[in-house]
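Q: Let me begin by handing over the structure; questions about it come next.
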Amino acid sequence: MTKKIAFQGEPGAFSHAAATNFFPGEEAIGCVTFEETINAVQSGRADFAVVPVENSLYGRITDIHHLLPESGLYIIGETFLRVEMNLLGVPGATLDDIKAVQSLSVALGQCRKFIADHGFRTINAVDTAGSAREVAQKADKSVAAIASRFAAEIYGLTVLASNIEDAAHNTTRFLVLSRDQKEAPAGNGKVKTTFVFRVRNVPAALYKAMGGFATNGINMTKLESYMVGGAFTATQFYADIEGHPSDIGVQHAFEELGFFTDYFRVLGVYPAADNS
């Protein structure tokens, strides 16, 4: 039976490409917001969700850090997508025809040098895939979209220039979310464990809480803090480590963490994806 995969954005969005890469052949469902994307899985309208959690240029996706811990969903996988920007025009258009480019402001910002070198006028839009759709609908040879090659295929556009982004290392990390908890087995390749915690209101609590990971040789690849409940004194931490909860070193680190925290929850134990 075909599974339904929720993503945020229109068909052809980078999130759509990430969802298709992780779940080839399954049905992708576009959602307007991250809240709607997560709710699609919570309500059973979708089997899984694929959501961006961080970008190599722009850092964390703040909305996901706030929504995920309270969603009741579990992380069962991750995937990395190299963000390649392309100039897309209507069939028959050439690079010399283009006078204006339309895309998400962030995408336009990632292609400043290319845009400046060609003297294009910029048009801010809601997203990259939506820009590709609108350019296809207008059928104006003088206007192009900046979007993915995937969007070009969906909307019948021509790739006039490839990989026009300023930074070659632009990559987004996506998480795969499920209603059902499914832990990756121990001893079968690299595993990541993601969890959230809040430290007790005692001096040097965070420093002491982190000590167990250092003394047990556990590599913490991510540690983010953010406020909860609108209070400056209520800080929650989001962390990724390399290792499985059944590993003896991780067990000892979690035990030590427990002495200095008043809230702790594992969000997922999943295979680490290759980001080469």
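The values are calculated or read from the model by the stated rules, or taken from the named source; none is laboratory data. Quick caveat, the model's predicted, so the values are computed rather than measured. Here the Cβ is made from the backbone with ideal geometry for all residues, glycine too, and neighbour counts use every protein chain on show. For accessibility, only protein heavy atoms count, side chains too; no ligands or nucleic acids. Shrake-Rupley method; radii C 1.70, N 1.55, O 1.52, S 1.80 Å.
Q: More than 21 Å from Y74 (Cα to Cα) and either part of a strand (DSSP E or B) or within 27 Å of the chain's Cα centre (by Cα) (or both), is that true of N275? Explain how you work it out, then say what you get.
A: Details: more than 21 Å from Y74 (Cα to Cα): yes; either part of a strand (DSSP E or B) or within 27 Å of the chain's Cα centre (by Cα) (or both): yes.
Answer is yes for this residue.
Q: Shifting gears a bit: Could you give every pair whose Cβ atoms fall below 6 Å, whose first residue belongs to the range 260-276 and is farther than 17 Å from M210 by Cβ, and whose second residue is among the aliphatic types (A, V, I, L, M) and in a strand (DSSP E or B), counting only separations of at least 6 or pairs across chains?
A: Correct list of pairs: R265/V196; L267/I75; G268/I75; Y270/I75; Y270/I76.
Q: Also, I was wondering about something else. Being part of a strand (DSSP E or B) and either open to solvent by 10 Å² or more (accessible area, probe 1.4 Å) or among the hydroxyl-bearing types (S, T, Y) (or both) narrows it down to one of I5, I29, so name that one.
A: Among I5, I29, only I29 is part of a strand (DSSP E or B) and either open to solvent by 10 Å² or more (accessible area, probe 1.4 Å) or among the hydroxyl-bearing types (S, T, Y) (or both).
Q: Then there is this: Looking only at the range 179-211, how many residues end up being among the small types (G, A, S) and open to solvent by less than 40 Å² (accessible area, probe 1.4 Å)?
A: Number satisfying all stated conditions: 4.
Q: With T20, T37 as the choices, which residue is outside any loop (DSSP other than H, G, I, E, B), surrounded by fewer than 20 Cβ atoms within 10 Å (Cβ to Cβ), polar (S, T, N, Q) and at pLDDT 95 or above?
A: Of T20, T37, the one residue that is outside any loop (DSSP other than H, G, I, E, B), surrounded by fewer than 20 Cβ atoms within 10 Å (Cβ to Cβ), polar (S, T, N, Q) and at pLDDT 95 or above is T20.
Q: Which of the residues spanning the range 233-276 are β-branched (V, I, T) and touching a strand residue (DSSP E or B) at 6+ places or on another chain (Cβ under 6 Å)?
A: Answer for the range 233-276, where residues must be β-branched (V, I, T) and touching a strand residue (DSSP E or B) at 6+ places or on another chain (Cβ under 6 Å): T235, I241, T261, V266, V269.
Q: With aliphatic (A, V, I, L, M), open to solvent by less than 50 Å² (accessible area, probe 1.4 Å), modelled with pLDDT under 90 and not in a strand (DSSP E or B) as the only criterion, which of A152, A167 stands out?
A: A167
Q: Can you confirm whether G243 is on the phi > 0 side of the Ramachandran plot and either in contact with a helix residue (DSSP H, G or I) (Cβ under 9 Å, 6 or more places away or on another chain) or modelled with pLDDT of 90 or more (or both)?
A: yes
Q: Just a yes or no: is a residue in the range 232-253 within 25 Å of A17 (Cβ to Cβ), surrounded by fewer than 17 Cβ atoms within 10 Å (Cβ to Cβ) and either in contact (Cβ under 8 Å) with a residue 24 or more places away in the chain or not aliphatic (A, V, I, L, M) (or both)?
A: No: the range 232-253 contains no residue that is within 25 Å of A17 (Cβ to Cβ), surrounded by fewer than 17 Cβ atoms within 10 Å (Cβ to Cβ) and either in contact (Cβ under 8 Å) with a residue 24 or more places away in the chain or not aliphatic (A, V, I, L, M) (or both).
Q: Do any strands (runs of 3 or more DSSP E) entirely within the range 43-146 hold 2 or more residues that are open to solvent by less than 10 Å² (accessible area, probe 1.4 Å), modelled with pLDDT of 95 or more and farther than 23 Å from A161 by Cα, and if so, which? Talk me through it step by step, then tell me what you get.
A: On the way: elements: 48-55, 74-82, 86-89, 100-104, 121-125.
Qualifying strands (runs of 3 or more DSSP E): 48-55, 74-82.
Q: Assess whether A184 counts as being assigned to a loop (DSSP other than H, G, I, E, B) and hydrophobic (A, V, I, L, M, F, W, C).
A: Values: assigned to a loop (DSSP other than H, G, I, E, B): yes; hydrophobic (A, V, I, L, M, F, W, C): yes.
Yes, satisfied.
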